[in-house]
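The values are calculated or read from the model by the stated rules, or taken from the named source; none is laboratory data. All values reported here derive from a predicted model rather than from experimental measurement. FYI the Cβ positions are ideal-geometry reconstructions off the backbone, even for glycines, and counts take in every protein chain you see.
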Amino acid sequence: MIALVVFLQVSLSVAVSGPYTSPEYLPLRVAEAEGYFTQEGLQVSLMTTRAEPGAAEALAKGEADLAATSLEAALRHGAVGGRPPRLVFGLTAAPPVALLVSTAHRDTVKRIEDLAGKRVAVTSPGAPEHPLLFALLDRHQIKPTQLSLLSLGERGLVAALDAGEVHAGLLPDPWASRLVEDGKAAILADFRRRDEAARWLGGPTVHAALFARADRPPKASDLTAFARALLRAVRRVETAPTEDLLAHLPGRVVGLKEDFVARLEGAREIYLPGGWVRYETLQLSVAQIRIRAPFPKAVKVPRRPADLLLLDPLKTIIE
């Protein structure tokens, strides 16, 4: 009987953006650790890549059936024959970060417009929060050239905010929460909740999601089973006691316990309800991605957002 069950399981490989501790992709880790995929008759293997572009590239090369990565990475690095992959499940509205103002400069930086002419830092040029900053500046009619943009790494940015060497910076948890709790920084804009992200970005957006190749997506029934497992995992991340999650997750996903607790609490409200992405949401998100840089000429981004979505398997669950 055991052999028969294994035989009947459908195998799906998923390239997941690193690091292992990323809260955006935590539902995938929970679904694996809690056995949700297996319960749906799926044998899912999660392959972690160093960053978001790597997961998209693995999908394009046929090394994975699905990719858990950012919308921008999927569009820029996941195309096959010019066709971008299609979104099958939305994860987060925005990177779970906060725009912090150093306490030393709180009197001079009280709103986004005050960032003009100031020193603003991100952790790295390729970090998820980098394009987020560009979208935020554009919405407030500030050109990136109007401020001094620095890349300092996480610990370097924490130290710079603490010392007042930069006016503001975008940081994830646990650093964002700790700096605020210690009175060393204040929050100017918070993207760790989907409603707050929508307020700052001009409407609902999508950042992290699951994507399938446009030319050969998995079977609709397999995507439906995958989505059911993932929906269970998202609900568990949003509502389960921290200790219950810690009891099943592997150490490389948790990292330091105190860091995991801060990341989890900061991200519980960032996930998209039901994994659903509306056309208008995708349209706004694609437009914001274009702000930072045009898409490669070889990538044919459809004019109709609907052509980038493959949500019928998910629709059968949430209707």
Enumeration of residues in the stretch 282-319 that are surrounded by 15 or more Cβ atoms within 10 Å (Cβ to Cβ), in a loop (DSSP other than H, G, I, E, B) and out of contact with any Gly (no Cβ under 9 Å at 6 or more places or on another chain): PHE295, VAL301, LEU310
Does ALA227 fit the bill of being within 16 Å of the chain's Cα centre (by Cα), in a helix (DSSP H, G or I) and small (Gly, Ala, Ser)? no
Of the residues in the stretch 114-123, how many are free of Cβ contacts under 8 Å to residues at least 40 places away in the same chain and surrounded by 14 or more Cβ atoms within 10 Å (Cβ to Cβ)? 2
Quickly run through the stretch 221-236 and pick out the residues that are in contact with a strand residue (DSSP E or B) (Cβ under 7 Å, 6 or more places away or on another chain) and either among the β-branched types (Val, Ile, Thr) or more than 24 Å from GLN43 (Cα to Cα) (or both). VAL234
Where in the stretch 1-113 are the helices (runs of 4 or more DSSP H), entirely inside, with at least 1 residues that are buried (at least 24 other Cβ atoms within 10 Å of the Cβ) and touching a strand residue (DSSP E or B) at 6+ places or on another chain (Cβ under 9 Å)? 26-33, 36-39, 52-60, 71-77
Looking at the stretch 47-55, can you tell me whether even one residue there is charged (D, E, K, R), under 21 Å from PHE191 (Cβ atoms) and not assigned by TED's automatic domain parsing to the domain that holds ARG228? no
In this structure, does PRO128 turn out to be at pLDDT below 95, surrounded by 17 or more Cβ atoms within 10 Å (Cβ to Cβ) and closer than 30 Å to ASP222 by Cα? yes
Residue ranges of strands (runs of 3 or more DSSP E) in the stretch 115-209 with at least 2 members out of contact with any Asp or Glu (no Cβ under 6 Å at 6 or more places or on another chain) and farther than 22 Å from ALA267 by Cα: 119-122, 148-151
If you go through the stretch 19-51 one residue at a time, how many are more than 21 Å from the chain's Cα centre (by Cα) and free of Cβ contacts under 8 Å to residues at least 12 places away in the same chain? 1
In the set VAL158, VAL206, which member is out of contact with any Phe, Trp or Tyr (no Cβ under 9 Å at 6 or more places or on another chain) and surrounded by 19 or more Cβ atoms within 10 Å (Cβ to Cβ)? VAL206
Given the conditions (1) outside any loop (DSSP other than H, G, I, E, B); (2) within 16 Å of the chain's Cα centre (by Cα); (3) modelled with pLDDT of 95 or more, report the number of the one that VAL277 does not fulfil. (1)
Can you tell which of SER221, SER177 is among the polar types (S, T, N, Q), surrounded by 15 or more Cβ atoms within 10 Å (Cβ to Cβ) and in contact (Cβ under 8 Å) with a residue 60 or more places away in the chain? SER177
